[in-house]
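Undergrad: Please find one structure pasted underneath; my questions will follow.
The values are calculated or read from the model by the stated rules, or taken from the named source; none is laboratory data. Note that the structure is a prediction, hence the values are computed from the model and not measured. For neighbour counting, all protein chains shown are included, and Cβ atoms are generated from backbone atoms with ideal geometry for every residue, glycine included. Protein only, heavy atoms only, side chains kept; ligands, DNA and RNA dropped before computing areas. Shrake-Rupley method; radii C 1.70, N 1.55, O 1.52, S 1.80 Å.
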Amino acid sequence: MTSTGMNMMSRIIFYEDRNFQGRSYECMSDCPDMSSYLSRCHSCRVERGCFMVYDRTNYMGNQYFMRRGEYADYMSMMGMSDSIRSCRMIPMYRGSYRMRMYERENFGGQMYELMDDCDNIMDRYRMSNCMSCNVMDGHWLMYEHPHYRGRMMYMRPGEYRSFMNMGWSGMRFMSMRRITDSFY
């Protein structure tokens, strides 16, 4: 099953100042460079859907997952600066979830297939690192630490041969979670 038509209704509004004040920018899809719309961003309101926000243009840098809700001062709440530079809409997905994770780059080493959330790959699989993956179905969040903590990375269907080449050198992914319709 693929993404539903509800994606057209996704909407996030960014505000320059805290408490939804100042200039605003409304986004209903992916935006690779927000710097021409806002000089800074201190609050946002996700009216519908889910988004990833990034502190660099073109969906690079630190990533933060935002779901429906109001974030009156989310920059300080998440420990971010005011440098949100891009955002990506996460399409709603209803269907099966499947991801193969690999111990080494280029799909090398031990391989395990996930179809549900994994709060600790070390405990479940005795796997100390995940350096590449193939997302066959669904949308996932991968976390730096067990129990869905630390920095995160959004994974949509596709092959990810080397996390190090994607700018994540030195970071280990130790837990994974499906982005299900309960987030919406």
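Undergrad: Within segment 48-62, identify whether any single residue is under 26 Å from Met131 (Cα atoms), outside any loop (DSSP other than H, G, I, E, B), among the small types (Gly, Ala, Ser) and open to solvent by 20 Å² or more (accessible area, probe 1.4 Å), and answer yes or no.
TA: Scanning segment 48-62, I find at least one residue that is under 26 Å from Met131 (Cα atoms), outside any loop (DSSP other than H, G, I, E, B), among the small types (Gly, Ala, Ser) and open to solvent by 20 Å² or more (accessible area, probe 1.4 Å), so the answer is yes.
Undergrad: Does Tyr148 count as at positive phi and crowded, with 18+ Cβ neighbours inside 10 Å? Lay out the reasoning, then the answer.
TA: On the way: at positive phi: yes; crowded, with 18+ Cβ neighbours inside 10 Å: yes.
Against the criterion (at positive phi and crowded, with 18+ Cβ neighbours inside 10 Å), Tyr148 qualifies.
Undergrad: Report yes if Ser43 is open to solvent by less than 30 Å² (accessible area, probe 1.4 Å) and either more than 14 Å from the chain's Cα centre (by Cα) or modelled with pLDDT under 95 (or both), otherwise no.
TA: On the way: open to solvent by less than 30 Å² (accessible area, probe 1.4 Å): yes; either more than 14 Å from the chain's Cα centre (by Cα) or modelled with pLDDT under 95 (or both): yes.
Against the criterion (open to solvent by less than 30 Å² (accessible area, probe 1.4 Å) and either more than 14 Å from the chain's Cα centre (by Cα) or modelled with pLDDT under 95 (or both)), Ser43 qualifies.
Undergrad: Within segment 22-60, which residues are among the small types (Gly, Ala, Ser) and touching a residue at least 40 places away in the same chain (Cβ under 8 Å)?
TA: Here is the first cut: in segment 22-60, the ones among the small types (Gly, Ala, Ser) are 22, 24, 29, 35-36, 39, 43, 49.
Passing the criteria: Ser29, Ser35, Gly49.
Undergrad: For Tyr25, state whether it is among the aromatic types (Phe, Trp, Tyr), assigned to a loop (DSSP other than H, G, I, E, B) and modelled with pLDDT of 90 or more.
TA: In short, no.
Undergrad: Identify all residues within segment 90-117 that are open to solvent by 30 Å² or more (accessible area, probe 1.4 Å) and touching an Asp or Glu at 6+ places or on another chain (Cβ under 7 Å); write none if there are none.
TA: Arg94, Gly95, Ser96, Arg98, Arg100, Gly109, Gln110
Undergrad: State all residues of segment 162-184 that are at pLDDT 95 or above and open to solvent by 30 Å² or more (accessible area, probe 1.4 Å); if no residue qualifies, say none. First the steps, then the outcome.
TA: Residues of segment 162-184 at pLDDT 95 or above: 175-179.
Scanning segment 162-184 gives Arg177, Arg178.
Undergrad: Looking at Met122, Met176, Met127, Met111 in this structure, which one is out of contact with any His (no Cβ under 7 Å at 6 or more places or on another chain) and closer than 28 Å to Arg56 by Cβ? Quick ask: steps written out before the conclusion?
TA: On the way: Met122 fails: closer than 28 Å to Arg56 by Cβ; Met127 fails: closer than 28 Å to Arg56 by Cβ; Met111 fails: closer than 28 Å to Arg56 by Cβ.
Only one candidate qualifies: Met176.
Undergrad: Take Met155 and tell me if it is under 15 Å from Phe107 (Cβ atoms) and either in contact with a Gly (Cβ under 6 Å, 6 or more places away or on another chain) or surrounded by fewer than 14 Cβ atoms within 10 Å (Cβ to Cβ) (or both). Lay out the reasoning, then the answer.
TA: Numbers: under 15 Å from Phe107 (Cβ atoms): yes; either in contact with a Gly (Cβ under 6 Å, 6 or more places away or on another chain) or surrounded by fewer than 14 Cβ atoms within 10 Å (Cβ to Cβ) (or both): no.
When the stated conditions are applied, Met155 does not pass them.
Undergrad: If you take the residues of segment 118-145 that are open to solvent by 10 Å² or more (accessible area, probe 1.4 Å) and hydrophobic (A, V, I, L, M, F, W, C), which of them is modelled with the highest pLDDT?
TA: Looking at the filtered set, the residue picked out is Met136.
Undergrad: Please determine whether any residue of segment 65-79 is over 23 Å from Phe183 (Cα atoms), of a type outside the set (A, V, I, L, M, F, W, C) and either at pLDDT 90 or above or open to solvent by 20 Å² or more (accessible area, probe 1.4 Å) (or both).
TA: Within segment 65-79, the subset over 23 Å from Phe183 (Cα atoms) is none.
Looking through segment 65-79, none of the residues is over 23 Å from Phe183 (Cα atoms), of a type outside the set (A, V, I, L, M, F, W, C) and either at pLDDT 90 or above or open to solvent by 20 Å² or more (accessible area, probe 1.4 Å) (or both).
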